[in-house]
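The values are calculated or read from the model by the stated rules, or taken from the named source; none is laboratory data. Just so it is clear, the structure is predicted and the values come from calculations on it, not from any experiment. Cβ: placed from backbone, ideal geometry, glycine included. Neighbour counts: every protein chain shown.
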Amino acid sequence: MSLKLEGGSLKLEDKGLHITRHQVHSALYLVPGTRLPAPDNDINFKTRIDMTFKPNFFFMTFCLFFMGLQLAQAQEQEVADTTRYAQITFDHTSFDFKDMHQGEKTEHVFKFTNTGTAPLILSNVLTTCGCTAPEWPRSPIPPGGEGEIKIVFDSSTKMGRQNKVITVRSNSKSGDFRLRISAMVLPPKKKD
């Protein structure tokens, strides 16, 4: 920022007392925030500029130290967040019901363990068709804890080889997990 004067300029960086004499040729002279009639003679400006900012070594050192401390805390928090996680581990991920007759219902239980270091939360268990009905724990599984997902397969409207996928959604580090079931659905049994 500088003050523009008729013959030169006075900058804020110039320190000390400044007395300047200038001719005014306009009818109005604008003083910051005020409009005053200008005289037809000389105006003396007295300006004292005392404040200059020079960052010193200690101030700069403090700023750098403070920024470094903030960065270290942010990195430490990020590391802390990534060291605690849930991990779902199944004892097996697929099951074959073998041969079954159309109209039969059968079930299977998939057992799992939380091998992570944070509670495991199952948010949903999705099936690819309405022929499977899952049951799963709704409460968090602590680290080292075990749980079960029960699948019921209804072959009423199916025939031939069946391959189904069950998607387990959780907060596990590995993300969504897929279980597979299969069966060979034979024609219905003949009634005697």
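Given the conditions (1) touching a strand residue (DSSP E or B) at 6+ places or on another chain (Cβ under 6 Å); (2) basic (Lys, Arg); (3) not assigned by TED's automatic domain parsing to the domain that holds Phe110, and given that Arg161 satisfies all but one, which numbered condition is not satisfied?
Condition (3) is where Arg161 drops out.
What number of residues in the stretch 154-186 are among the polar types (S, T, N, Q) and surrounded by 20 or more Cβ atoms within 10 Å (Cβ to Cβ)?
Final tally of qualifying residues: 3.
Return the only residue of Gly144, Gly103 being over 20 Å from Arg84 (Cβ atoms), small (Gly, Ala, Ser) and not in a strand (DSSP E or B).
So the residue among Gly144, Gly103 that is over 20 Å from Arg84 (Cβ atoms), small (Gly, Ala, Ser) and not in a strand (DSSP E or B) is Gly103.
Please verify whether Gln162 is modelled with pLDDT under 95 and either outside any strand (DSSP E or B) or among the aromatic types (Phe, Trp, Tyr) (or both), treating the condition exactly as stated.
No, not satisfied.
What about Gly130, is it at pLDDT 95 or above and assigned by TED's automatic domain parsing to the domain that holds Glu104?
no
With respect to the numbered conditions (1) part of a strand (DSSP E or B); (2) at pLDDT below 95; (3) under 30 Å from Lys191 (Cβ atoms), which one is the sole condition not fulfilled by Asp96?
(2)
Mind checking which residues of the stretch 110-139 are part of a loop (DSSP other than H, G, I, E, B) and of a type outside the set (Gly, Ala, Ser)?
Thr115, Thr117, Pro119, Ile121, Thr128, Cys129, Cys131, Trp136, Pro137, Arg138
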